[in-house]
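Asks: My questions will all concern the structure given below.
The values are calculated or read from the model by the stated rules, or taken from the named source; none is laboratory data. Remember, predicted model here, so these are calculated numbers, not experimental data. Glycine also receives a Cβ, built like all others from the backbone with ideal geometry; neighbour counts cover every protein chain displayed. Keep in mind that these areas ignore ligands, DNA and RNA; they rest on the heavy atoms of the full protein, side chains included. Shrake-Rupley method; radii C 1.70, N 1.55, O 1.52, S 1.80 Å.
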Amino acid sequence: DRARATAEALLSRLEASPPPPEAAAAGGGHGGDELELCGEQVQEREQDEEQESEEVHEREVELEQEVEKVPEAAAELKYARDGEAATPWQLLDLVGKAGSKLPFYPLADFAVNRGLLNHSCRPLKGLPGFAMVSENYYRQAWRLTSARRLRNAVCFLEWVPDAGQLKRLKLQGPGVQARKAQLAEVFKAYMQDASSSIDASEARMLLRALDMELECDMVASSAAGGKLSLAQLQEDLASQALFQMQDGRYYVQLSLEEAEHLRASMHLMKQSAWPSTCGLALRCIANREGGLNDSLIDEYGPVTEKLEKRFQLEVAEQLFRFLNSATDFQARDLSILRRALEHAEVEHRLPWWLDIRSCRRRPQVQWQQLPIKSIFAKEDEVANLAAKALLSRVRWALAGQRLKPAEAFRSFDGSRRGRLAKEDFRAGLELLGLHRHGDDEISWEKNVNALFDHLDSDGKQAIHLEQFRVAMELSSQDWDSSTIAKASSGKRSELRTYKSLLSRFSSFSTEGPREAGCEPPKAATIAEPRIPSALDLDAKAVPRLTPEMCVKLSSGQFKLKWQGHGTFECLWTSAGVRGATPTSIWRPADLVPKGKLQGARRGSNAVKQRILLGHYARQSLEAPSEVMLLEITDEKHSGIFVRHSMEAIRQFLEAFFPHPVRFRKVWQQHVGTPVHVWEPIPPAPEFVALGMLSTVGEAAPSLQEVRCVPRPWASRLEDLEAIWSGVGAEHVPASFWTGPGSAALLHVTAGAAADVAPVAHGMAPEKFYASLPSGV
């Protein structure tokens, strides 16, 4: 009551007080309204000040960005413009053998005038001979007379003078001989026995270890009888014969005026007047840089149909982008460009590129800040390749002995110091049988030291557990080849078994004492990111299957039979991709069969389940009428008068059809409906994935969606058919493959091996029985 009385007295005093002079002059005694109006004005003024402050801040940010932004401008030179009239040439001069009548010269002879006392830069010798430049784009004489502003490299000509004269191209020269010498050193370090050949799977793993991703997927198709001669592989790698480039196919950088006239002439050509063996294709670099699937504008004659692989075209595209002073090279672009420049001296690449860029309207930023900087870096390639080859051998030796990297590390570390000195590391490799009797001691010492230096990322002359564990992890991409490592334990007597390896050292505890200051540093950069694999799985998580467990029985508890399935969910179609073949990807739905007695929740009176082994692709936009799915039935717990327990079939599926441990992204495309293709990675070498999965989002599929099958029940597929091809993100080409019947699962090959059939497996569509082994 006292508070209320005080408040009322204050209000009465305020009401009795006279209004302010400003309010009285405005005409009225409505003090409450005027106070409310003043409050609105104050709020508006505050908002105006806040907006003005934001505008000032935005202007300051823009000014800072303008200061930081490097302007696009050529170097300040005295550029000449005289003598730029185009030189005409006869269209029929393109027919037959490439001769001197045409105003074309090799890109390896291209150089610009630097404007300093008419000095010219050094041409970049060693570039492929099939890449050429037209005199109408840049005259060779200009580099000796005056500085010229360079036009943008936009259009180029793909040219086959005589399709009948095309033959396989093999690079020659001093660079090839040097490359062969390097590879000879690598193969010598890699050889695991005295044989002079390796099989395709070994070669794929070796090339991946050497960062030769473009080559490794082509090795399988070139293996005759499953074996590759080391001498032949060495020759093919040095000469780039694996890429199937063609001698007699040329790529010419044209001027824009030249390209316009050529396109008009191609439209006016008559087949009766033009030789059927000569082919022309006009291409535009901007088409690829702009995200289109192909650089092709127009073609005439047998030019694209005679192309064995796209690699030669990709080399030309990246070379002309390099000539055009482009900087936004993706990972695959850099890999192709690196192969194209393989025989060009590293120390000559940067001056050549900088001199050309100085004559263009380009941001003159420091080259060290650009993605292309790796093209100009020089390293001790021989030592690096030899170390990676030895690393590949160590991984295989550990996989062949089923020895985890952490277990091997503790075995090598007999003194339990928590680190490996160089002597410990060398002794451990010799104990694995990697140093054979009679080998060159000097080469062995050099390769061990090179690998040790790679793993010793902090330069403390010691390898710690994390460094060793991450580096020795076998790549998931090579688990399909790990059966060779598994079989090698019986073929190569030098390798010790796990028990005999441990017996060479004193006993140790899992968490042994560690010296002060021996905390493991970060892993070496040579190693791949660590992933879950069979070597890290607990033996109880994924049971080890033996051949005896996988015998197909005529009767047993679990029946395996292929059944027709007709319910699907559409995941992706090529409807949004311009010019693409109608193709679609489907996922089977409703995998638990519906029964009459128990309904959809329990499946039926039979305890059964159909398993998904991958997604299905077909060359149509319509859903498939039916596909064959593998159905597992528990005969013991099926029937009317038994308890329908799912526990036994669950244990059987986990033992014989486990889920993958992870997925590897194979390919992705963002044109039209996005699609991402994933390869399941089996949990152990005893299993194999039969198909791939697709998603429309960036996230990988659920591990529970697909299952793997026992390797003894799978066989190699030989009759896969390519149903679709296209180009995805970062211009990576890909092909979709399927097999017949129950093998119509999705398979995708990408990159340089896009047109090479994948290594795929399938199961025979037969009915058989199996039993769950005791103790599993």
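Asks: Using a cut-off of 14 Å between beta-carbons, work out the net charge of the residues near Ala108 (Lys and Arg +1, Asp and Glu -1, Ala108 not included).
Replies: Every neighbour counted, the sum reads +1.
Asks: Something else now. Multiply the residue gap between Thr546 and Lys373 by 0.36 nm, knock off their C-alpha separation, and tell me the result in nm, one decimal place.
Replies: Fully extending the segment from Thr546 to Lys373 adds 57.2 nm.
Asks: Obtain the nm distance between the two label points defined at Glu308 and Asp440 by a simple spin-label model: each point lies 7 Å from its Cα along the Cα-to-C-beta direction.
Replies: For the pair Glu308/Asp440, the computed spacing is 3.2 nm.
Asks: Would you mind checking the range 679-708 for residues with the amide N under 18 Å from a putative spin-label position 7 Å along Cα→C-beta of Arg650?
Replies: 703-707
Asks: Just how much of Met646 is accessible, in Å², when a 1.4 Å probe is used and the result is rounded to the nearest 10?
Replies: 80
Asks: Mind scanning Lys608/Lys665; Lys97/Lys306; Lys552/Lys608; Lys167/Lys270; Lys373/Lys665 and naming the pairs with a C-alpha gap bigger than 25 Å? If you can, show how the numbers build up before the last one.
Replies: Values: Lys608/Lys665 32 Å; Lys97/Lys306 17 Å; Lys552/Lys608 18 Å; Lys167/Lys270 27 Å; Lys373/Lys665 27 Å.
Listed pairs above 25 Å: Lys608/Lys665; Lys167/Lys270; Lys373/Lys665.
Asks: With every protein chain present, what is the per residue accessible area of the range 678-739 (1.4 Å probe, Å²)?
Replies: 35
Asks: Let me ask something additional. Considering only protein heavy atoms and a probe of 1.4 Å, how much of the accessible area of the range 641-771 is carbon and sulfur, as a whole percent?
Replies: 53
Asks: So who's got an amide H within less than 5 Å of the one on Ile611, skipping anything under 5 residues away but keeping other chains? H placed 1.01 Å off N, in plane.
Replies: Placed amide hydrogens put Leu630, Ile632 under 5 Å from Ile611.
Asks: Now for a separate question. In the full protein assembly as shown, how much of Asp424 is accessible to a 1.4 Å probe, in Å² to the nearest 10?
Replies: 40
Asks: Separation between the Asp162 and Arg716 pseudo-spin-labels, each 7 Å from Cα along Cα→Cβ, expressed in nm?
Replies: Taking the simple label geometry, Asp162 and Arg716 are separated by 4.0 nm.
Asks: Here's a follow-up. On a full-extension model of 0.36 nm per residue, what is the gain between Val696 and Ala623, subtracting their alpha-carbon distance, rounded to one decimal in nm?
Replies: Between Val696 and Ala623, full extension yields an extra 24.5 nm.
Asks: Can you give the accessible area of His454, probe radius 1.4 Å, in Å² rounded to 10?
Replies: It works out to around 50 Å².
Asks: Using Cα-Cα distances under 8 Å and only pairs 6 or more residues apart, what relative contact order does the range 255-375 have, in percent?
Replies: Relative contact order, the range 255-375: 20 percent.
Asks: Rounded to the nearest 0.05, what FRET efficiency do Leu256 and Thr145 have when you use their Cβ-Cβ distance and R0 = 22 Å?
Replies: Working: r = 23 Å, r/R0 = 1.05.
With R0 = 22 Å, the Cβ-Cβ based efficiency is 0.45.
Asks: Using a 1.4 angstrom probe on the protein heavy atoms only, could you order Lys422, Lys309, Lys404 from most to least accessible area?
Replies: On the way: Lys422 45, Lys309 15, Lys404 65 Å².
Putting Lys422, Lys309, Lys404 in descending order of accessible area: Lys404, Lys422, Lys309.
Asks: State, to one decimal in nm, how far the label point of Gln232 lies from the label point of Ala575, with both points 7 Å from Cα in the Cβ direction.
Replies: 4.8
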